[in-house]
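The values are calculated or read from the model by the stated rules, or taken from the named source; none is laboratory data. A quick note: this is a predicted structure, and the numbers were derived from the prediction, not measured. Cβ placement follows ideal geometry from the backbone for every residue including glycine, while neighbour counts extend to all protein chains displayed.
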Amino acid sequence: MNRIDATFHALGQQGRKALIPYVIAGYPGVDITPALMHVLVEAGADVIELGVPFSDPSADGPIIQAASEHALRQGIGLPQVLEQVRRFRESDTSTPVVLMGDANPIERYDLLRQPGAFAADAATAGVDGVLVVDDPPKVAGDLAAQLRSHGLERIFLLAPTATERRIRHVAECAGGYVRCVSIQGVTDSSTPDLAQVRDTLARIRRHVRIPVGVGFGIRNADTASAVARMADAVVIGSWLIERLAGKPAAKALAAASDLIREVRHQLDLDTPEPDHAFKPEHSKP
């Protein structure tokens with residue numbers, strides 16, 4: 001059982017929901033990322049999504065775009081992201097790490113080395129899963145096979161507009177968890193419509209038998225708690241990155257810790273709805 005499956009299995013046995021912060025590698029400082037990842041775990045994060053900076057992202061709003069551009073100016077690319085994961089793994093061998101970003105940096109990484117180099121190097125660095133926002137399941141075969149050969153999970157996004165066909169495709173090839181987009185638009189464009197989130201989750205769960213997390217637009221602990229009552233995981237991105245903006249390292253780490261502790265406390269106050277708690281027996285063997 002890999003780290004992602006093991007984490008959701010343990011949380012399911014405890015009746016708890018996963019808290020997944022999303023941060024951009026190299027933001028707000030070029031060397032802060034490993035320390036930031038440790039702070040997030042200490043504050044209550046269960047999985048970390050690490051954004052790979054890219055100049056032309058597919059789904060990022062202004063907050064995440066600005067953070068990504070800042071990291072790029074500091075020289076952070078995919079090789080540096082993998083090195084940051086390696087440094088994190090020197091003292092944390094249990095927290096799952098998922099890389100999230102666009103296909104272009106991965107394709108360029110392999111082009112400059114050899115086919116499959118990214119999957120091999122990501123596994124060696126300690127990555128557990130990869131979410132490529134602009135690589136739909138019907139054309140993701142090569143990357144999915146490369147990741148699978150190195151024990152990495154291929155994670156997909158599903159939006160409220162997803163067709164039944166797309167949901168079935170994702171159900172067939174996704175691993176680890178599925179990320180449900182709670183809004184129609186980019187990452188920080190609006191707040192979630194909770195009724196729509198519930199309907200989307202119901203459609204996804206008719207086909208998907210792995211955990212389902214919800215992200216995009218969650219900007220306060222109450223919304224996070226409401227989403228957690230329906231989903232298996234809550235993803236906090238723009239809200240967290242906005243808290244880090246313009247801060248020196250020590251203050252950024254403190255701000256990240258405070259926010260994640262606040263959300264973790266709120267999530268743990270709530271008892272999961274029995275019908276919506278992830279059942280560990282659904283984990284892949």
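What to note about this one:
- The set of residues in segment 51-95 that are part of a helix (DSSP H, G or I), among the hydrophobic types (A, V, I, L, M, F, W, C) and touching a residue at least 60 places away in the same chain (Cβ under 8 Å) comprises Ile63, Ile64, Ala66, Ala67.
- Matching residues in segment 99-146 - criterion: being among the aliphatic types (A, V, I, L, M), assigned to a loop (DSSP other than H, G, I, E, B) and at pLDDT 95 or above: Leu112, Val127
- The set of residues in segment 55-80 being touching a Lys or Arg at 6+ places or on another chain (Cβ under 9 Å) and either crowded, with 24+ Cβ neighbours inside 10 Å or among the aliphatic types (A, V, I, L, M) (or both) consists of Leu78 alone.
- Lone qualifier among Val52, Val47 - being buried (at least 23 other Cβ atoms within 10 Å of the Cβ), in contact with a Gly (Cβ under 8 Å, 6 or more places away or on another chain) and not small (Gly, Ala, Ser): Val52
- Criterion: crowded, with 19+ Cβ neighbours inside 10 Å and either on the phi < 0 side of the Ramachandran plot or at pLDDT 95 or above (or both) - qualifying residue of Thr163, Thr187: Thr187
- Residue among Val170, Val127 that is hydrophobic (A, V, I, L, M, F, W, C), crowded, with 19+ Cβ neighbours inside 10 Å, farther than 23 Å from Pro53 by Cα and touching a strand residue (DSSP E or B) at 6+ places or on another chain (Cβ under 7 Å): Val170
- Members of segment 48-68 found to be touching a Ser or Thr at 6+ places or on another chain (Cβ under 7 Å) and more than 23 Å from Arg264 (Cβ to Cβ), listed by number: Pro53, Phe54, Pro57, Ala59, Asp60, Gly61
- Count of segment 24-44 residues, restricted to those that are crowded, with 24+ Cβ neighbours inside 10 Å and more than 20 Å from Arg219 (Cβ to Cβ), is 4.
- Taking first residues from segment 222-236 that are touching a residue at least 60 places away in the same chain (Cβ under 8 Å) and partners that are surrounded by fewer than 21 Cβ atoms within 10 Å (Cβ to Cβ) and among the acidic types (Asp, Glu), the Cβ contacts under 8 Å between residues at least 6 apart in sequence or on separate chains come to Ala228/Asp270.
- Pro21 in contact with an Asp or Glu (Cβ under 9 Å, 6 or more places away or on another chain), part of a loop (DSSP other than H, G, I, E, B), crowded, with 24+ Cβ neighbours inside 10 Å and modelled with pLDDT of 95 or more: no
- Condition check for Ala10: over 24 Å from Ala231 (Cα atoms), small (Gly, Ala, Ser) and assigned to a helix (DSSP H, G or I): no
- Residue list for segment 160-181, filter: assigned to a loop (DSSP other than H, G, I, E, B), among the aliphatic types (A, V, I, L, M) and under 14 Å from Val130 (Cβ atoms): Ala174
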